[in-house]
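To start, the structure itself, in structure tokens.
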Amino acid sequence: MREKTKIIETFSLRKSHKKHKLFIHLNNTIIPLTYFPFHIGSHKSNDLALEDEFVSKQHCRITKNGTFYFIEDLTSTNGSFLNKQKIEKAKLLKSNVIEIGKTRLKVEIQTVTHKKILEKNEAFHGIVTRSPTMHEIFELIQNFAVLPDPVLIQGETGSGKELVAHALHQESSLKGSFIALNCGAISYELIESELFGHTQGAFTDAREDRKGAFELAHGGTLFLDEIAELPLSQQVKLLRVLETGEITPVGSEEKRKVHIRIIAATHQNLKTRVEEKTFREDLYYRLHVLPLILPPLRKRREDIALLSQHFASLKGKEMSRLLIPLLESHAWEGNIRELKNTIFHLSALSSNTLIGLSEWKTLKGTSLTEEHKIKNIEKKEIKSLLQKFQGNRTKVAEELGLSRSTLYRKLLSYDININE
């Protein structure tokens, strides 16, 4: 990240639930440190690259040992200084000033206390999870919500990026609206008008003045979904708005001031798009201030049963416990959105309140491999419940949503002895 020098910046260390969160404030950019060591120098390979001719290519690094943080010089040409003392390695105190070359960095350790985010299965602004990774993201949301800087949410399609954007807005103190704009769903001809508005007569069919997303979000949050799809011509204009806080509607020469929080999201790798010259590098760094990376559903399989039951309950249904192992073993390339649509489809196929294997077979079909998997799951669950209910077939049938006669046929088919 290339930045101007000769200014005092701030490292801010925040503590939440006994976990330290380190943020670097740099020219209106805030970089959360989620890994160590963190390297600083003039070469672009560093985690923080400075445009300072007096800074060595690999100048220094910040390390962590337990709950303590250290600044360590990497045999730089001009040395590293902590509180005006030249150091090789030194512990960071509550308040520090690091000097490297002509760049001064102010380093502060702060403690931030938040309310407890979740109980066991409690939803966080509509996000249902028991995943430890998601709980960490909720902590970041609370940390980021009080800051005015842009947030870039990255994650696969269907991983919940818009829900996270809503949570950021709701956790903030912003009084304005939450306005969402999908940059990939608007035609090239209309994208500028959708962003910045237009005046009457600005183009064909512009019959009256119209506010764009920026003005509608004034005092609140503008969520730019699929930001990678924004045309290069509009990327330049978006960058200008981020730098000046001013917009110019199509067909007007009047500049209008807007005060908003920008949240952008994409399922694409923006760094790759920058390398391909299809996304501006300067805009990338303007947006990549507070990054949030959402895990795909396959990385949080402990949530599949919980989410399935949640989506089924929205349709007044329950999930058969026989179906859960099948759902947990599915790939879910479309992530939570695919799971939600599947549960809604299964709900429509179910003639009673319980969604079971018959609905799954109708929806997905049954290959020999799938049929073998289903039989193994049924046999395992039936044996488990027989043990739990001490051989009481009535209770087992009720638990599985089966009639007693159907359960009896399955006991014979799987050669299960109820006296085992």
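The values are calculated or read from the model by the stated rules, or taken from the named source; none is laboratory data. Keep in mind the model is a prediction, meaning the values are calculated, not measured. Positions of Cβ are generated from backbone atoms using ideal geometry, with glycine treated the same way; all protein chains shown enter the neighbour counts. For the accessible areas, the whole protein counts, side chains as well, though only heavy atoms, and no ligand, DNA or RNA atoms are used. Shrake-Rupley method; radii C 1.70, N 1.55, O 1.52, S 1.80 Å.
Would you point out which residue out of Gly334, Gly401, Gly356 is under 16 Å from Ile304 (Cβ atoms) and among the small types (Gly, Ala, Ser)? Walk me through it before giving the result.
Values: Gly401 fails: under 16 Å from Ile304 (Cβ atoms); Gly356 fails: under 16 Å from Ile304 (Cβ atoms).
The match here is Gly334.
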Residue among Thr266, Thr199 that alone is in contact with a helix residue (DSSP H, G or I) (Cβ under 8 Å, 6 or more places away or on another chain) and not basic (Lys, Arg): Thr266
Any chance Glu399 is farther than 20 Å from Leu297 by Cα, open to solvent by 60 Å² or more (accessible area, probe 1.4 Å) and touching a residue at least 60 places away in the same chain (Cβ under 8 Å): yes
Residue list for region 201-248, filter: polar (S, T, N, Q), crowded, with 16+ Cβ neighbours inside 10 Å and out of contact with any Cys (no Cβ under 9 Å at 6 or more places or on another chain): Thr221, Gln235, Thr248
Cβ-Cβ under 7 Å pairs, at least 6 apart or on other chains, region 40-59 side within 13 Å of Leu74 (Cα to Cα) and open to solvent by less than 80 Å² (accessible area, probe 1.4 Å), far side outside any loop (DSSP other than H, G, I, E, B) and of a type in the set (D, E, K, R): Ile40/Arg61
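In region 344-360, which residues are small (Gly, Ala, Ser), touching a Lys or Arg at 6+ places or on another chain (Cβ under 9 Å) and crowded, with 18+ Cβ neighbours inside 10 Å? Let's see the steps before the verdict.
The first filter runs over region 344-360 and keeps only residues small (Gly, Ala, Ser), leaving 347-348, 350-351, 356, 358.
Add one more test, that the residue is touching a Lys or Arg at 6+ places or on another chain (Cβ under 9 Å), and what stays is 347-348, 350.
Answer for region 344-360, where residues must be small (Gly, Ala, Ser), touching a Lys or Arg at 6+ places or on another chain (Cβ under 9 Å) and crowded, with 18+ Cβ neighbours inside 10 Å: Ser347, Ser350.
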The one condition in (1) part of a loop (DSSP other than H, G, I, E, B); (2) closer than 23 Å to His43 by Cα that Leu93 fails to fulfil: (2)
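Yes/no matrix, rows are residues, columns are (1) under 26 Å from the mean Cα position of the chain (by Cα); (2) part of a strand (DSSP E or B); (3) hydrophobic (A, V, I, L, M, F, W, C); (4) farther than 20 Å from Leu152 by Cα:
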| position | (1), (2), (3), (4) |
| --- | --- |
| Leu195 | yes, no, yes, no |
| Glu208 | no, no, no, yes |
| Gly219 | yes, no, no, no |
| Leu222 | yes, yes, yes, no |
| Ile263 | yes, yes, yes, no |
| Val274 | yes, no, yes, no |
Single unsatisfied condition, Val112 versus (1) modelled with pLDDT of 60 or more; (2) closer than 29 Å to Ile293 by Cα; (3) surrounded by 13 or more Cβ atoms within 10 Å (Cβ to Cβ): (1)
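Considering every residue within region 233-240, establish whether at least one is small (Gly, Ala, Ser) and at pLDDT below 95. Spell out how you get there, then give the answer.
Here is the first cut: in region 233-240, the residues small (Gly, Ala, Ser) are 233.
Still in the list and also at pLDDT below 95: 233.
Within region 233-240, one or more residues are small (Gly, Ala, Ser) and at pLDDT below 95.
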Residue count, region 237-261 (criterion: of a type in the set (Lys, Arg), in contact with a helix residue (DSSP H, G or I) (Cβ under 8 Å, 6 or more places away or on another chain) and either closer than 15 Å to Ile191 by Cα or in a helix (DSSP H, G or I) (or both)): 1
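Table: residues versus (1) at positive phi; (2) open to solvent by 40 Å² or more (accessible area, probe 1.4 Å); (3) of a type in the set (A, V, I, L, M, F, W, C).
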position	(1), (2), (3)
Arg261	no, no, no
Thr266	no, no, no
Leu270	no, no, yes
Thr278	no, yes, no
Asp282	no, yes, no
Pro295	no, no, no
Lys299	no, yes, no
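Among the listed residues Leu152, Leu163, Leu190, which satisfies the condition of being within 22 Å of Glu243 (Cα to Cα) and either at pLDDT 90 or above or open to solvent by 60 Å² or more (accessible area, probe 1.4 Å) (or both)?
Values: Leu163 fails: within 22 Å of Glu243 (Cα to Cα); Leu190 fails: within 22 Å of Glu243 (Cα to Cα).
On inspection, the qualifying residue turns out to be Leu152.
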Criterion: hydrophobic (A, V, I, L, M, F, W, C) and over 30 Å from the mean Cα position of the chain (by Cα) - qualifying residue of Ala348, Ala305: Ala348
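Counting just the residues of region 276-299 that are assigned to a loop (DSSP other than H, G, I, E, B) and either of a type in the set (A, V, I, L, M) or closer than 30 Å to Arg130 by Cβ (or both), which one comes out nearest to the chain's Cα centre (by Cα)? Show your work before the answer.
Start the filter on region 276-299 by keeping residues that are assigned to a loop (DSSP other than H, G, I, E, B), which leaves 276-280, 288-289, 294-296.
Next cut, either of a type in the set (A, V, I, L, M) or closer than 30 Å to Arg130 by Cβ (or both) only: 288-289, 294-296.
Working: His288: 13, Val289: 14, Leu294: 4, Pro295: 7, Pro296: 10 Å.
Out of the qualifying residues, it is Leu294.
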Region 129-149 - residue that is crowded, with 19+ Cβ neighbours inside 10 Å and among the β-branched types (Val, Ile, Thr) and, of those, nearest to Ala264 (Cα to Cα): Ile141
